[in-house]
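First up is the structure itself, then whatever we jot down about it.
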Amino acid sequence: MIKIAPSILSADFARMGDEVRSAKDAGADWLHIDVMDGHFCPNLTMGPDMVKAVRKVSDLFLDVHLMVTNPENFFESFARAGADQLVFHIEVDPDPTDKIKMIRALGCRAGLSLNPDHPVPAVLPFLEQVDLVLLMSVFPGFSGQKFIPESLDRAAELKTYIDRNHLDCLLQIDGGVDRANAQQIINAGVDVTVMGSAFFGTHNRGELVQYLKSLKAAEL
Ligand code: DX5
Ligand code: ZN
């Protein structure tokens, strides 16, 4: 069954406490927190103080996606703020082993992300070191973008590698996921999907989560 990680970037910031509670009430598994520095990607969003605020009102697993150029400068602040998992991008460090170790030393789960134009083979050697690989299905920066269809083959390539090597690494996808393409991403072997605008843009959040969790991977 797929796990759902609503991205609070699409929530109503003026009502963040209620939004976070509604994600839990709807049956979401994780909360996805998009951190952008205006340098790695063209937007500024939130930092450790938001993680701290969300941690106060929710016991959900906090999945922090660091779209920043120097993620290592912030690992400790996010860990102290209550993050459960820290995910950074291969684009900022082609040899990410030291950063993965730093995250683990802080007691968090570690994830590695790749942009839509980054070759999949570049991350494969590191998947045995991480708990999760985050495949971007839009370019980082904004919620509400259109899903890039080539991401489905890239997801399947990652999943095949994970399964063949019996790795304990979840496959997550992020960007443009909605009710219409959910079946395809499940067929590609995705374990956890981020969902921003499609989740916070509906009032029937519980029904949406139920629907997504009712989908089974098609036998291919
Ligand atoms: C994109 C972010 C995503 C985004 C998801 O840069 O990393 O998490 O907010 O939002 P939707 O689901 O609307 O694409
Ligand atoms: Zn994200």
**Request:** Would you please list the contacts, defined by Cβ atoms under 7 Å and residues six or more apart or on different chains, that run from a residue in segment 22-38 that is under 16 Å from Ala198 (Cα atoms) to a residue that is in a helix (DSSP H, G or I) and among the charged types (D, E, K, R)?
**Result:** Ser22/Arg205; Ala26/Arg205
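Of the residues Met50, Met102, Met67, only one is within 16 Å of ligand 2 (Cβ to nearest atom) and either more than 13 Å from the chain's Cα centre (by Cα) or among the small types (Gly, Ala, Ser) (or both); which? First the steps, then the outcome.
Working: Met102 fails: within 16 Å of ligand 2 (Cβ to nearest atom); Met67 fails: either more than 13 Å from the chain's Cα centre (by Cα) or among the small types (Gly, Ala, Ser) (or both).
One residue alone meets the criteria, Met50.
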**Asked** Mind checking whether some residue in segment 175-192 is within 14 Å of ligand 2 (Cβ to nearest atom), of a type in the set (Gly, Ala, Ser) and either in contact with a Cys (Cβ under 9 Å, 6 or more places away or on another chain) or touching a residue at least 24 places away in the same chain (Cβ under 8 Å) (or both)?
**Response** yes
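Filter segment 164-181 down to the residues that are under 21 Å from Val87 (Cβ atoms) and either of a type outside the set (A, V, I, L, M, F, W, C) or buried (at least 19 other Cβ atoms within 10 Å of the Cβ) (or both) and list them by number.
Restricting attention to segment 164-181, the residues satisfying the condition of being under 21 Å from Val87 (Cβ atoms) are 165, 167-177.
Residues satisfying the conditions are Asn165, Asp168, Cys169, Leu171, Gln172, Ile173, Asp174, Gly175, Gly176, Val177.
Check every one of the strands (runs of 3 or more DSSP E) wholly within segment 45-134 and list those with 2 or more residues that are away from ligand 1 (no atom under 15 Å from the Cβ).
On the way: elements: 61-67, 85-89, 109-114.
The qualifying strands (runs of 3 or more DSSP E) are 109-114.
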**Asked** Exactly one of (1) surrounded by fewer than 22 Cβ atoms within 10 Å (Cβ to Cβ); (2) of a type outside the set (Gly, Ala, Ser); (3) free of Cβ contacts under 8 Å to residues at least 60 places away in the same chain; (4) within 16 Å of ligand 2 (Cβ to nearest atom) is unmet by Phe142. Its number?
**Response** (3)
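Rule-based calculations on the coordinates, nothing more; no lab input. Small disclaimer: the values here were computed from a predicted structure and weren't measured. As a convention, Cβ positions derive from the backbone with ideal geometry for all residues, glycine included, and neighbour counts pool all protein chains shown.
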